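**Student:** Before we start, here is the structure in question, set down as structure tokens.
The values are calculated or read from the model by the stated rules, or taken from the named source; none is laboratory data. These numbers were taken from a predicted model, which means no experiment stands behind them. Here the Cβ positions follow ideal geometry from the backbone for every residue, glycine too, while neighbour counts run over all protein chains shown. Remember, those area values only see protein heavy atoms, side chains included, never the ligands or the DNA or RNA. Shrake-Rupley method; radii C 1.70, N 1.55, O 1.52, S 1.80 Å.
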Amino acid sequence: METTKFITITTFCQYHGIERSLIFSFQELGLIEIIEDDPEPYLEEETLGQLERMVRIYKDFDLNPQGIEVVIDLLEKVERLQEDNQELKRRLRRWEG
């Protein structure tokens, strides 16, 4: 059985030096899911990579959450295009071989 790990929002924010409101802004935009629980909301471990990416963009480029949403969307499109490109290259190699 797979175990899911969690981190509180307070712990994440303290570690990264950000305000809790930023995390909740990401949630409002649908970029992450927050698990509401007493006494404190938390994040699932699977969310952390994406969230840390957003925090880096926030800090490096001084973007607001809406700007981060646009950047994340564009990065995901680029990743999909790269995957499609790799698949097309594999298919082409089969025909050339």
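**Student:** Go through the range 56-97 and give me each residue that's open to solvent by 90 Å² or more (accessible area, probe 1.4 Å), acidic (Asp, Glu) and within 18 Å of PHE24 (Cα to Cα).
**Tutor:** Passing the criteria: only ASP62.
**Student:** Let me ask another. Which members of the range 1-55 meet the condition of being surrounded by 11 or more Cβ atoms within 10 Å (Cβ to Cβ), among the β-branched types (Val, Ile, Thr), part of a loop (DSSP other than H, G, I, E, B) and free of Cβ contacts under 8 Å to residues at least 40 places away in the same chain?
**Tutor:** Answer for the range 1-55, where residues must be surrounded by 11 or more Cβ atoms within 10 Å (Cβ to Cβ), among the β-branched types (Val, Ile, Thr), part of a loop (DSSP other than H, G, I, E, B) and free of Cβ contacts under 8 Å to residues at least 40 places away in the same chain: ILE32, ILE34.
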